[in-house]
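What follows is a set of notes on a single structure, which appears directly below.
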Amino acid sequence: MKAIIYIYSILLLLSCSSKKDENIASKEDYDKYLVADEVKTTSKYFELWNSKIKPDSVQLLSFANVAGEYSRYFKKTGDIKYLKKEEQALTKAVEIANIGKSGYRRALARNYISQHRFREALALAKEAEDLGSHGTDSKSLFFDLHMELGNYELAEKYLDSIKNMSDFGYLIRLSKWNDYKGDLDTTIKFMEKAKEKAESSKNKALMIWSFTNLADYYGHAGRIEDSYNHYLKTLELDPTNAYAKKGIAWIAFSNDDNPEEAMRILDSVTKRYNAPDYYLLKAEIADYLNDDYKRSENLDKYFLAIENPAYGDMYNAYNVSLYLEETKQYDKALELAKKEVGNRPTAESYSWLAYTYLKKGDRVKAEEIVKEHVDGKTFEPTLLYQAAEVYKANGNLEKVAALKGELIGAIYELGPNMKKQIQDL
């Protein structure tokens, strides 16, 4: 039986490799969005409220409005300094607020979530609750936090407590819950309902949020053209949206086998957008192109960027991967993987810990962690690949064959660089 499963996996992989999907990305659709105009990080609105803030200021509304603008600038530029400035403004608002204390704590908690400071965010959420915040906003925040912290039973209870099929916030969280459960069809169904709510409300921010998330889910489901169209819909609303451009670049790279075009798109993005992980994607594409110079250049840019202490724990998982695959600093990877498990004890964190033990030569410890904390608890292709590597090292070929079958169907998500690694399992 094991042999039959293995042979079937090989045949399926070969059929996937030989099939050439129709190209989806067309530069005529998106070239107009690749013009690298300077992103505005000020406005009359911002200047008005910022001017009211003095060293001893108690202008609560000023701090709240300025924080909102900093959040917007961060999303537009990817520059960590704006996320930290938002934190400073919200921290001051929390200190001086007599009215709306709970709301400012929730806002600061969401800032901490963006910084991957999940336990600090949970403490703020509890403070807000102690101040009498028991409504939908509070329960939604607790759901988000417990999902990030791997407390799934608690998360489900909070989700059930906000049930409202007419509410955008509930629908997107219900979608996220079903994604966690591995039910992609249901995930997409509820995300589509959320998109309809966003469109009917004509709320631009919610429309952009739903378009990009739905584009991601369509990609996971192999509906590449639908994914592409929703990234384009995002750019129609927000021509500077880096995430949508990154999504189109991935389609060009992974589906269309056009790495040069993917690189061209990303080069236009990184002229103005500063998130470090974009350099890692460029390095991955350069690797596929056998362009060692550009690969090294982008890895160097990534490492230089994350030297900024403001990033804190935001890139821990990326760094563990680089320590294992690039610099071979296994002890450093183990230290960071353990830290990440402490910060965020999810299947993802445990998977990186297990994979680190595998790389260090402790295959038994690696398998123990996978069996207890990863197997059956995630459907993320990267983590399934790591589990397969661990099982292979321990001679559990039946598990490897089963996982290989799933990974073959996820080649688009994993990228063309992973095709041979999956074949070699």
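The values are calculated or read from the model by the stated rules, or taken from the named source; none is laboratory data. No experiment lies behind these values; they were computed from the predicted model shown. With ideal geometry, Cβ positions are generated from the backbone for all residues, glycine too; neighbour counts draw on all protein chains shown.
Does Lys195 meet the test of being without any contact (Cβ under 8 Å) to a residue 24 or more places away in the chain and outside any helix (DSSP H, G or I)?
no
Do you know which of the residues in the stretch 82-141 that are assigned to a helix (DSSP H, G or I), of a type in the set (A, V, I, L, M, F, W, C) and surrounded by fewer than 16 Cβ atoms within 10 Å (Cβ to Cβ) is modelled with the lowest pLDDT?
Once the filter is applied, the top-ranked residue is Ile96.
Of all residues in the stretch 284-320, which are of a type in the set (Gly, Ala, Ser) and at negative phi?
Passing the criteria: Ala286, Ser296, Ala305, Ala310, Ala317.
Go through the residues of the stretch 406-422 one by one and say whether even a single one is surrounded by fewer than 18 Cβ atoms within 10 Å (Cβ to Cβ) and over 23 Å from Phe253 (Cα atoms).
No.
Rundown of residues vs (1) surrounded by fewer than 22 Cβ atoms within 10 Å (Cβ to Cβ); (2) assigned to a helix (DSSP H, G or I); (3) small (Gly, Ala, Ser), yes/no style:
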{"position": "Pro239", "(1), (2), (3)": "yes, no, no"}
{"position": "Lys245", "(1), (2), (3)": "no, yes, no"}
{"position": "Ser254", "(1), (2), (3)": "no, yes, yes"}
{"position": "Lys282", "(1), (2), (3)": "no, yes, no"}
{"position": "Ser296", "(1), (2), (3)": "yes, yes, yes"}
{"position": "Leu304", "(1), (2), (3)": "yes, yes, no"}
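Thr327 is checked against (1) of a type in the set (Val, Ile, Thr); (2) without any contact (Cβ under 8 Å) to a residue 24 or more places away in the chain; (3) part of a helix (DSSP H, G or I) and fails just one. What number does that condition carry?
(3)
For the stretch 212-232: of the residues being closer than 20 Å to Lys27 by Cα and of a type in the set (A, V, I, L, M, F, W, C), which is surrounded by the most Cβ atoms within 10 Å (Cβ to Cβ)?
Of everything passing the filter in the stretch 212-232, Ala215 is surrounded by the most Cβ atoms within 10 Å (Cβ to Cβ).
Looking at Asn290, is it of a type outside the set (Ser, Thr, Tyr), out of contact with any Phe, Trp or Tyr (no Cβ under 8 Å at 6 or more places or on another chain) and under 27 Å from Ile113 (Cα atoms)?
It is false that Asn290 is of a type outside the set (Ser, Thr, Tyr), out of contact with any Phe, Trp or Tyr (no Cβ under 8 Å at 6 or more places or on another chain) and under 27 Å from Ile113 (Cα atoms).
Being of a type in the set (Lys, Arg) and without any contact (Cβ under 8 Å) to a residue 60 or more places away in the chain is the filter here, so list the residues in the stretch 216-263 that pass it.
Passing the criteria: Arg223, Lys233, Lys246.
Would you point out the residue of the stretch 371-421, among those that are outside any helix (DSSP H, G or I) and small (Gly, Ala, Ser), that is farthest from the chain's Cα centre (by Cα)?
Gly395
Restricting attention to the stretch 344-353, does a residue exist that is outside any loop (DSSP other than H, G, I, E, B), closer than 29 Å to Leu83 by Cβ, polar (S, T, N, Q) and in contact with a helix residue (DSSP H, G or I) (Cβ under 6 Å, 6 or more places away or on another chain)?
Yes: the stretch 344-353 contains one or more residues that are outside any loop (DSSP other than H, G, I, E, B), closer than 29 Å to Leu83 by Cβ, polar (S, T, N, Q) and in contact with a helix residue (DSSP H, G or I) (Cβ under 6 Å, 6 or more places away or on another chain).
Any residue at all in the stretch 348-360 that is among the basic types (Lys, Arg) and under 21 Å from the mean Cα position of the chain (by Cα)?
no
Rundown of residues vs (1) of a type in the set (A, V, I, L, M); (2) closer than 30 Å to Lys282 by Cα, yes/no style:
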| site | (1), (2) |
| --- | --- |
| Leu141 | yes, no |
| Tyr158 | no, no |
| Leu171 | yes, no |
| Trp209 | no, yes |
| Asp226 | no, yes |
| Ala249 | yes, yes |
